[in-house]
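Just below is one structure, and these are the notes that go with it.
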Amino acid sequence: MNELWIVRFIRKDGKPDEEYYYRSLAEAEYHKNLFLDDDSGLYERIEIINDKH
């Protein structure tokens, strides 16, 4: 089974959410963690989703 990890940025401004795809959880977590101190106010939340297929 292949796993795909999606980092989804839920935007507050009504524009489409941003999604980035990774083959490992470590890569997805790394990307999400880059925004831990984000104070832009652009995102409602940032989530990691496991899409097993």
Spin-label pair K15/I49, simplified geometry with 7 Å Cα→Cβ offset, distance in nm: 1.9 nm
Length-normalised contact order of the chain in % [C-alpha pairs under 8 Å, at least 6 apart]: 53 percent
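Among the trypsin sites (Lys or Arg not before Pro) within the chain, which fall in a DSSP loop and have no more than 12 other Cβ atoms within 10 Å of their own Cβ? If you can, show how the numbers build up before the last one.
Values: sites: R8, R11, K12, R23, K32, R45, K52; in loops: K12, R23.
Passing both the DSSP loop test and the Cβ count: K12, R23.
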Surface share of carbon and sulfur [accessible, 1.4 angstrom probe, percent] for the chain: 48 percent
Among (i) 37; (ii) 28; (iii) 21, the entry derived from the coordinates for percent of Cα pairs over 19 Å apart: (ii)
Unit charges at the beta carbon, dipole of the chain: most positive-side option, G14, N2, A26: N2
Expected 222 nm ellipticity per residue - DSSP helices of 4 or more, -39500 (n - 2.57), all of the chain, to 500: -5000 deg cm²/dmol
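The values are calculated or read from the model by the stated rules, or taken from the named source; none is laboratory data. None of the values given here were measured: they were computed from a predicted structure. Note that each Cβ is placed from the backbone with ideal geometry, even for glycine, and that neighbours are counted across all protein chains shown. Accessible surface is based on the protein model in full, side chains and every heavy atom, while ligands, DNA and RNA are left aside. Shrake-Rupley method; radii C 1.70, N 1.55, O 1.52, S 1.80 Å.
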